[in-house]
Every structure is written in C-alpha cells, then in structure tokens.
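Below: the structure, in structure tokens.
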Amino acid sequence: MESYTDQQTSTWQTKFKAMGPGILMASAAVGGSHIVSSTQAGAIYGWQLAVIVLLINLFKYPFFRFGSQYTIQNGKSLIEGYGEKGKAYLIVFFIMNIFSAMVNTAAVSILAAAILFNIFPNGFGLSIAQLTTMIIVFTWAMLLIGGYKFLDGLSKWVMTALTLATTLAVIIALFKHKAYAPGFVAPSPWNMAALPFIVSLMGWMPAPIEISAINSMWTVEKRKTVKISYLDGLFDFNVGYIGTAILALIFLALGALIQFGSGEKVQGASAAYISQFIGMYAKSFGDWSRLLIAFIAFLCIFGTVITVIDGYSRANDETLRILLGLGKSESSQRSLNIWMTVTSVIGIVIVYLFSGNVATMLRFAMIASFLTTPIFAYLNYSLVNNKEHRISGWLKNLSILGLIYLFGFAFFFLFAMLTGKV
C-alpha cells in the first residue's frame, strides 16, 4: 500500500492544506475536560493542579501521536491495526466506543444547551432537555448535509475564534485586581478525597484515548482529497494536540484568576457549573463580558458536539465493518449516516432519561476513560514499535515513562477504591 511519508516537499502551503484531522481532534478535546474540569481545577485549587495538567498532556502525547503516525505510514486506520492485532482488542474497543459515543453525545450536548439557557432568558421558554434535542438534531442534519468537508472547514474557524476569545479573557483577568474572600484558606488537592477529581480530570485530558483512533479515521478521510506527507501529518497533529494542552492551562488560569478564593462554592454539577461559570465572570469583569464568556463556552462545547457525533460514528462504523469482515467498498456514506442517526437518537433518549444525573454520568465516563487509557496506550505503542517500525530516542523514552505513569496511577486509584480510601 502506498505510503505518503516522503512523496512531497514540506512547505507552509502543504502544511496548511494537510491541517484538518488535528484541528478536529482539538475540537473534540476542548469540551468537558477543558471548560468544566480544567476551569474547576483552577477555581477550586488555584494553580496547584497545573502540574497534573502538564504531566497528563505530556505522557499521553506519544500514544495520541502514534495514531496519526500509524495511519500516515501504513495508509490504514488505527482501528484496522487493532483488528490485525486480534478481534479481542477490536471487540473491547467497540464496546467502549459505543458507550462513549452515546454518553458523550448526551453529556456535551446538555452542556451546550445549558449555555444557551443562560444566554437567553429562560432558554426561549424551552427546557434544557428540549434545547439539547434541538442542538443534537441540528448537528445531525448539518453533518448529513455537509459531511466531513464541511466539518473540516468549520473546525478551523471555530478553534481560531475560541483561541482568540479565550486568550483575550485571560489577558483581562491578568490585569484586573482581585482580593480573596476574608478568611479564605486554599484547599489542598494532595489528599485521597481529591483523588477522584484528579483522575476524572486526567481521563479526558486532553481527550479520551479513543480519540486517537477517531483522529486516524479523519486522517484517512483527509487523504481522499489531499496527499499528506509524514512531516505535514505530524505538523497537523502537533498543532492540534499542543493547542489543546495550552488551552487547558488557559482555562485553568481563568478559574484560578477569577473564581479561586472568591468565597463562593464551586458547583460540581456540570450544567449548574455552566451557569456559575458565566455568572461569576460577569461579576468579575462586568455584565458586558457575559456574552463574551458565553461565546467562548458555547464554541468550545458545540465544537465537541459536532466532532463527537461525527468521530464516534465513523469509528463505530469502521469497527463493525472489520468485525463483520466486509470490504471497504461495502462500507458507505449510508452506513455512516445510520451510525450518526443512531448515536443522535440514543443520545437524546439518554438526555430525557438521565438529565438529572448528567454530572455523575459525566464524572463516571471520565474516570472509566482514564482506567482504560493504559490498555489502549500500550496497544497504540505496540502498533508502531514492531519489526517493521521501531521507535527510538526521546519518543521511546517518553512512551515508557508514559506507560509507567498511566498504569501506575490507574492501579493506585483502583487500590484506593477497593480499600475504601476514596
């Protein structure tokens, strides 16, 4: 199979044309993990958890990178690689991915609806569940009409606007005087009580590990219109990945600079926190900033809704194709549309059945994502470190350190749970 590792000279023009999958990955990543978990981390603990945000982004880096690297080098998706390793890997991935697709669609859509509910008086008279349904249906229709090409173009503008707006908010916060509430004592995250929050923060930071497989699917789709060299493909990935890491720290900074030490209890529930997120910024900057912060938040979450429905559907469609032994020609846009429809419908059902427990569901999904991360991190590592390809130098060392960190933290958390320490 043709490889695009060295077929062209890498220039800034070819780099820009190759951009897309990495930006889509950033759009999928910058959602619940950033606007909720990162900002809450800063709001509750100040700058103390910045080191955790840095470490998890650093140690997950090689395993996300291997997804793009494998696809560019072999011309196959990461999911095809899982299938070649054995059906057991593929079945486990399929089960996890279906769960994540339905839960994440419901969770991030409710967050987007919560923002609209706070922007407009009483959400136009609609409930959050009704607003959520409208957002899911709108996204579903947009993807069916526009498909990947529209999503690829839209994500670049969404992420550009998000980055500029978020950076502006941080600059404003840096130059605004802030006084802590009387008697405020900063809580410490370095205890067992804070462990579930830290683990959930890491679970979706910068994104669930299955996004690496979804990113490889977007890379395959991108290659249908643009031939991507190895260097250009990695450039696109690095822009997306490093961008999400920087934005995670920026959102943590917003929480630390504005909410931390204010004396008002930080809400744990995701939808309730969105209301507090917008309201507390308005108190700090003035009411004029309400729409700016809401704009940042909505772009952030809506971008995630789009990429979750599209990306998880693509991954599920591809996984089922391989499990059934069908050829690529037998997998069509029609089957992808069916998956997007099923994902959207079940997401809406979850919204109406469990809308009161979305925060718990979201936290559970984040923790479960972290506990499965080491398994798929090792699987991604094994796909690019074999007889055909060898990893060497700093990337290999970082991979080994990353596996030690991920497995070690996962076992430590499980031990703490089983012994009743958390």
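On a 0 to 90° scale, report how tilted helix 290-323 is relative to the longest principal axis of the chain, with both axes built from alpha carbons and the result rounded to the nearest 10. With both axes taken from Cα atoms, the answer is about 30 degrees. Remark: the stretch 207-246 projects, on average over all directions, an area of 2.9 nm² (convex hull of Cα atoms).
Relative to the longest principal axis of the C-alpha atoms of the chain, give the angle of the C-alpha long axis of helix 128-174, reported between 0 and 90° and rounded to the nearest 10°. Orientation of helix 128-174: about 60 degrees from the principal axis. Shown here is the pair-distance distribution of the stretch 366-422: with all Cα-Cα distances grouped in 10 Å bins from zero up to the longest one, the shares run 22, 44, 23, 10, 1 percent. Each peptide in 186-192, 406-412, 315-321, 213-219 gets a packing score, the mean of other Cβ atoms within 10 Å over its residues, and the list from highest to lowest is 213-219, 315-321, 406-412, 186-192. For the listed peptides 104-112, 199-207, a ranking on the average number of other beta carbons within 10 Å per residue, highest first, reads 104-112, 199-207. For the stretch 54-113, the mean projected area of the C-alpha convex hull, equal to one quarter of the hull surface, is 5.7 nm².
Full extension of the segment from Trp190 to Phe124, taken as 0.36 nm per residue of separation minus the current Cα-Cα distance, would add 19.4 nm. Pairs with C-alpha atoms separated by more than 26 Å, drawn from the list Lys178/Lys265; Lys222/Lys396; Lys60/Lys178; Lys265/Lys421, are Lys222/Lys396; Lys60/Lys178. Kirkwood radius, the stretch 185-289, all distinct C-alpha pairs, inverse of mean reciprocal distance: 17.1 Å.
Annotation for the stretch 381-422 versus the stretch 232-262: alpha-carbon center distance of 23 Å. The P(r) of the stretch 12-418 has a tail past 29 Å containing 41 percent of all C-alpha pairs. Of Asp287, Asp310, the sequence from fewest to most neighbouring Cβ atoms within 10 angstrom is Asp287, Asp310.
Between Lys396 and Ala272, the contour length at 0.36 nm per residue exceeds the Cα-Cα span by 40.4 nm. Nearest 10 degrees, 0 to 90: what angle lies between the long axis of helix 358-384 and the longest principal axis of the chain (Cα atoms)? In the chain, helix 358-384 runs at an angle near 30 degrees to the longest axis.
Laboratory data are not the source of any read-out in this text; all were calculated from the coordinates shown. Quantities reported herein were computed from a predicted structural model and do not represent experimental measurements. All Cβ positions, glycine included, derive from the backbone under ideal geometry; neighbour counts span all protein chains shown.
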